[in-house]
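Structure first, commentary second.
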Amino acid sequence: MGNIVFWTLIRLAVLIPVMWYLLETIRYRYWIIWIFIALYIFVIHPAVIAYKKFAEKSKPVLENTLCSTCKHFDESAVLCMLYDKHVSEDEIPCGGSAWEPD
Ligand code: SF4
């Protein structure tokens, strides 16, 4: 999840000066529409696609692992907050020994 936010901010940081330069030099009419189109194409759409992939990849972990019922599990990051490690279907960082009900 942090990766998605990071790359969204990077794309936004690149897009702002590019749009600023283009709008200053070319003097587009309807500039506000171009800004929204560029924001959607280069920032919002890639973020939505990345989030959908992340949600799809996380689904088995959220449904099938012991961690999904543990109070130390952070669903938004698929992370064990106790061990500060990502959880996968194949690897439970504590091996089940530190599990506590949610
Ligand atoms: S403490 Fe153990 S069971 Fe709980 S989230 Fe972390 S790894 Fe999973």
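The values are calculated or read from the model by the stated rules, or taken from the named source; none is laboratory data. Just so it is clear, the model here is predicted, and its values are computed rather than measured. Please note: Cβ atoms are built from the backbone with ideal geometry, for glycine as well, and neighbour counts cover all protein chains shown.
Structure summary
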| quantity | calculated |
| --- | --- |
| Test for Ile10: is it in a helix (DSSP H, G or I) and touching a residue at least 40 places away in the same chain (Cβ under 8 Å) | no |
| Within region 72-88, considering residues that are in contact with a Leu (Cβ under 9 Å, 6 or more places away or on another chain) and not in a loop (DSSP other than H, G, I, E, B), the one nearest to Lys57 (Cα to Cα) | His86 |
| Evaluation of Ser76 against (1) more than 12 Å from the ligand (Cβ to nearest atom); (2) farther than 21 Å from Asn3 by Cα; (3) in contact (Cβ under 8 Å) with a residue 12 or more places away in the chain (one fails), failing number | (2) |
| Ser97 vs. criteria free of Cβ contacts under 8 Å to residues at least 12 places away in the same chain, in a loop (DSSP other than H, G, I, E, B) and either in the same structural domain as Leu9 (by TED's automatic domain parsing) or near the ligand (Cβ under 10 Å from one of its atoms) (or both) | yes |
